[in-house]
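Before I ask anything, let me first share the structure, which is written out below as structure tokens.
The values are calculated or read from the model by the stated rules, or taken from the named source; none is laboratory data. Nothing here was measured: the structure is a model prediction, and the numbers come from that model. Virtual Cβ from ideal backbone geometry, glycine too; neighbours counted across all protein chains shown. These accessible areas exclude ligands, DNA and RNA; they are computed on the full protein's heavy atoms, side chains included. Shrake-Rupley method; radii C 1.70, N 1.55, O 1.52, S 1.80 Å.
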Amino acid sequence: QVQLVESGGGLVQPGGSLRLSCAASGSIFSIISMGWYRQAPGNQRELVAITISNGGSTTNYADSVKGRFTISRDNAKKTVYLQMNSLKPEDTGVYYCYAIVRPGPTQPTYQYWGQGTQVTVSS
């Protein structure tokens, strides 16, 4: 089993910054992908940013956060970060960590979700 533990959410004023962290632990041989989704009340969960290990490393961002958010990953710590700058009220929501993990060298991959952390952008 794999656990994803998030931290760093909170209340921030428009224009402010927050940094989210998500640490993976448990039965992990390799992490194929790690990133962040968010869900606002009444909306579907949407991709915010993700890193994909495909020989190198690829990052993808939602258009709405490009230029404001930066995703990074520390492979040694099995941790992904989301630096969020110039936050807007529409960034408010529950942010979920997501990972695709291979538990063993010959095992298939599995998807995991964190419990979510609330980010509220309001004056």
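For the range 22-57: of the residues being open to solvent by less than 30 Å² (accessible area, probe 1.4 Å) and among the hydroxyl-bearing types (Ser, Thr, Tyr), which is nearest to ALA99 (Cα to Cα)?
Here the answer is SER33.
Can I ask one more? Can you confirm whether ARG68 is of a type in the set (Lys, Arg) and over 19 Å from LEU4 (Cβ atoms)? Can you show your working first?
On the way: of a type in the set (Lys, Arg): yes; over 19 Å from LEU4 (Cβ atoms): yes.
Here the answer is yes, as ARG68 does meet what is asked.
Can you find a residue that is among the hydroxyl-bearing types (Ser, Thr, Tyr), closer than 13 Å to SER30 by Cα and out of contact with any helix residue (DSSP H, G or I) (no Cβ under 9 Å at 6 or more places or on another chain) anywhere in the range 82-100? Before the answer, list the steps.
So in the range 82-100, the residues among the hydroxyl-bearing types (Ser, Thr, Tyr) come out as 86, 92, 95-96, 98.
So of that shortlist, the ones also closer than 13 Å to SER30 by Cα come out as none.
Scanning the range 82-100 turns up no residue that is among the hydroxyl-bearing types (Ser, Thr, Tyr), closer than 13 Å to SER30 by Cα and out of contact with any helix residue (DSSP H, G or I) (no Cβ under 9 Å at 6 or more places or on another chain).
Still on this structure, please answer the following. Restricting attention to the range 66-83, does a residue exist that is over 24 Å from ARG102 (Cα atoms), open to solvent by 50 Å² or more (accessible area, probe 1.4 Å) and in contact (Cβ under 8 Å) with a residue 60 or more places away in the chain?
Within the range 66-83, the subset over 24 Å from ARG102 (Cα atoms) is 66-70, 83.
Retained after the next criterion (residues that are open to solvent by 50 Å² or more (accessible area, probe 1.4 Å)): 66-67, 70, 83.
Within this subset, residues satisfying the condition of being in contact (Cβ under 8 Å) with a residue 60 or more places away in the chain are 83.
Within the range 66-83, one or more residues are over 24 Å from ARG102 (Cα atoms), open to solvent by 50 Å² or more (accessible area, probe 1.4 Å) and in contact (Cβ under 8 Å) with a residue 60 or more places away in the chain.
I would also like to ask the following. Residues to consider are ASN54, ASN60; find the one that is over 30 Å from GLY15 (Cβ atoms), without any contact (Cβ under 8 Å) to a residue 60 or more places away in the chain and among the polar types (S, T, N, Q). If you could, list the steps in order and put the result at the bottom.
Numbers: ASN60 fails: over 30 Å from GLY15 (Cβ atoms).
Result of the check over ASN54, ASN60: ASN54.
Filter the range 107-122 down to the residues that are more than 21 Å from SER27 (Cα to Cα), surrounded by fewer than 17 Cβ atoms within 10 Å (Cβ to Cβ) and hydroxyl-bearing (Ser, Thr, Tyr) and list them by number.
Of everything in the range 107-122, those that are more than 21 Å from SER27 (Cα to Cα), surrounded by fewer than 17 Cβ atoms within 10 Å (Cβ to Cβ) and hydroxyl-bearing (Ser, Thr, Tyr) turn out to be THR120, SER122.
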